Amino acid sequence: MLLEMINSPSDLKTLHQEQLPELAAEVRKFLLETVSITGGHLGSNLGVVELSIALHYCFNSPVDKIIWDVGHQAYTHKILTGRRDRFHTQRQYKGISGFPKRCESEHDAFGVGHSSTSISAGLGLAAAASLDGKRSHSIAVIGDGSLTGGMAFEALNQAGHLKKNLIVILNDNEMSISKNVGAFSAFISRKMTGRYYRDLKKEMQILLKNIPAFGTDILQFARRAENSLKGFLTPGSLFEALGFDYVGPLDGHDMKQLVDVFTNINELDGPLLVHIMTTKGKGYKPAEETPDKYHGVGTFDLATGKGAAKPAVKSYTDQFGDTLVQLAEEDPKIIAITAAMPDGTGLNHFLHRFPDRFFDVGIAEQHAMAFAAGLAADGFRPVVAIYSTFVQRAYDQVFHDVCLQHLPVTIAMDRAGLVGDDGPTHHGVFDLSYLRHLPGITVMAPKDENELRHMLKTAVYSGIPIALRYPRGAGYGVELDRELKCLAIGKGEELLDGSDLTIVAVGATVYPALQAAEALRLNGISAGVINARFVKPLDAELILAAARRTGRMMTVEENALQGGFGSAVLELLFDNNMQNVKVRRLGLPDHYIEQGSQAQLRKDVGIDTEGIIAAAVEFMK
């Protein structure tokens, strides 16, 4: 097998160009066999096999810097750069990351995990090379989805101005283009980037400039004619206007075409955009037919494409989606907004039921938040469903457009806490810290899926900005109340009375705290449990009364300890002159948490049942 011979890009360059399609077939087979066992991002990676091989075949990594936007399509890149033997550990506990990571390989030029950053980072690397006097390429590979992020256009704008040695590869797997037009424009692209054409163009420019009187006019006419031809045959006018030379569209699965064009542009300077057309899930029929279902997958049967059976208990995400539809049935003012994640956030049901009241703004979280604020300003009830880790991208809009204007926007933060295999870029473990200090916002988290439903109604009808966080994965299977009710803002609930210790938990840590308290009673420790429900405002009356009664308080949260829920409780005690109460905070330590199952990671940081028991026993000593 050819793949077994490839342990670095230099090994790849020993192959003849005619062998590359065979290598691509082997890589695709290897990807399918491995991801079907480990899970991961499949469709996007199957789509860029030829592109990844051609890039490493024609360019010189790590001298040439390849930056993968988002990074979940970098599997072939990892396989070609010395990680084939460890690839079965990708996204696994203590294994390699599912995303490019600088500390993992010299070929991972830039760490990624969130979208629309590659052009900015690539331009920075290109500017650094220029300042150091290095002759190298900076290559940013960005998908059409990531290009919807405003940051990508900001970077394109500056890149066109700076004229650094930057190549942007636009991996377009959504746009439809006629086969004949695509083939002809690919022919034009090869010719316009070839050495003969470039040399001839330079000589003609020099010749025309030296013709007295008419030379400059003829040159300008020739340039307009060239641009008109390219604009007529290709969709590159926007990029040309931004100062890029445009090449494409090219068939992203035609290895010869890719290698020919990449070989040509290897010798070019200045900002260049290469438009590549690819197919999501290429080479695996189930993924090609339903690419949305194979974006991120768990384990699945390779022969049938069927994944493992879904758990009997609905996920928090599904309960959120179902409840929002239920509320919207009765209220035409409810609007649902997502940032390119209708399925991931559970809003697909809302989309089918109320298409006119559903908005997918693309990968543009900042716009999503300000857009929601605009709707709220005119009397609607917008619910913005975004993963916790991506709400970070819209922090200024939460502050400036929502909270400062006191607009009733509901921010539904899915995947709050430790999310598992996607690792540190996707853990939603900072939202309590970066939201609770904003004046005017209410922050809450449910202990189970039934409470989530009531909290969603509370948020929608509160008339104030509310952030609702809930975890990834299945709920507890608790009985659901038929009637939805609004909860009292800032009121927690005492689940268990205790005389020795009070455990104040929030969100996903409440049930583990209850289980720990029951176990502690068998050890002679009377531990009470409070479900805080609200991180802001805290139920001061309930928490202070418990603190006076027991004199010891332990907080538990699935968030960074710095500035989180435990810090809020400490502030409450201090402000009420109760510094004599002994407090122990459990949460995430001051370092990034790597990938692994949620259960394993919760155990590692000590916020599962056993961790709470151990901490309580030690605390009582």
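Loop-located trypsin sites (Lys or Arg not before Pro) in the stretch 420-496 (DSSP state other than H, G, I, E, B) with a sparse environment of at most 12 neighbouring Cβ atoms within 10 Å: ARG482, LYS485. For VAL504, the amide hydrogen comes within under 5 Å of the amide hydrogens of ILE530, MET554, THR555, VAL556, counting only partners 5 or more places away or on other chains and with H modelled in the peptide plane.
For Rg/Rh (Cα atoms, Kirkwood Rh), the value computed from the atomic coordinates appears in the list (1) 1.00; (2) 1.04; (3) 1.16 under label (2).
Shown here for the stretch 264-327: GluC sites (Glu not before Pro) in loop regions (DSSP other than H, G, I, E, B) with at most 15 other Cβ atoms within 10 Å, namely GLU267.
The length gained by stretching the chain between HIS161 and THR279 to full extension, at 0.36 nm per residue less their Cα-Cα distance, is 39.3 nm.
Simple spin-label estimate for ALA540 and VAL63 gives 6.6 nm between the two label positions (7 Å along the Cα-to-Cβ direction from each Cα).
Using θ = phi - 60° in the Karplus curve 6.51 cos²θ - 1.76 cosθ + 1.60, the 3J(HN,Hα) couplings for the stretch 18-27 round to 5, 8, 5, x, 5, 4, 4, 4, 5, 5 Hz; x is entered for Gly and Pro.
Taking the Cα centre of each part, how many Å lie between the stretch 542-572 and the stretch 1-41? So the separation of the two Cα centres works out to 53 Å.
Extending 7 Å from the Cα toward the beta-carbon at both HIS591 and TYR476 defines two label points whose distance is 3.2 nm.
Hey, for a label at HIS437 modelled as a point 7 Å past Cα toward Cβ, could you say which residues of the stretch 385-428 have their backbone N under 14 Å away? Inside the label zone: 396, 399. Checking the cross-link pairs LYS256/LYS282; LYS78/LYS280; LYS94/LYS280 against a 24 Å limit on the alpha carbon distance flags LYS94/LYS280 as lying beyond it. In degrees, nearest 10, range 0 to 90: what is the angle between the Cα axis of helix 540-550 and the longest Cα principal axis of the chain? For helix 540-550, the angle is close to 60 degrees.
To the nearest 500 deg cm²/dmol, what mean residue ellipticity at 222 nm is calculated for the chain from DSSP H runs of n ≥ 4 alone, each contributing -39,500 (n - 2.57), summed and divided by the residues?
Result for the chain: -12000 deg cm²/dmol, rounded to the nearest 500.
According to the square roots a ≥ b ≥ c of the eigenvalues of the Cα gyration tensor, what is the shape class of the stretch 18-77, taking rounded for a/c under 1.5, prolate for a/b larger than b/c otherwise, and oblate for the remainder? Oblate. With respect to the chain, whose longest principal axis is taken over its alpha-carbon atoms, helix 565-575 is tilted by about 50°. Listed by chain and number, the lysines whose alpha-carbon sits under 16 Å from that of LYS333, ignoring those within fewer than 8 places in the same chain, are LYS457.
Please work out whether the stretch 316-469 counts as rounded, prolate or oblate from its C-alpha gyration tensor, where a ≥ b ≥ c are the square roots of the eigenvalues and a/c under 1.5 means rounded, while otherwise a/b larger than b/c means prolate and anything else oblate? Cα axes put the stretch 316-469 in the rounded bin. The ranking of CYS58, CYS103, CYS486 by Cβ neighbour count inside 10 Å, starting from the fewest, reads CYS103, CYS486, CYS58.
Distance check, please: which entries in LYS101/LYS134; LYS65/LYS163; LYS310/LYS491; LYS491/LYS582 exceed 25 angstrom between their Cα atoms? In this structure, LYS310/LYS491 lie more than 25 Å apart at Cα.
Amide H contacts of LEU496: VAL529, each under 5 Å away and 5 or more positions distant or on a separate chain (H built 1.01 Å from N in the peptide plane; Pro and chain starts excluded). Across the chain, Cα pairs under 8 Å and at least six residues apart give a relative contact order of 11 percent. Between the Cα long axis of helix 118-131 and the first principal axis of the chain there is an angle of about 60°, rounded to the nearest 10.
Only the coordinates and a few stated rules stand behind these numbers; no lab work does. As the structure is a prediction and not an experimental result, all values here were calculated from the model. No Cβ is skipped: glycine too gets one built from the backbone with ideal geometry, and neighbour counts run over all protein chains shown.
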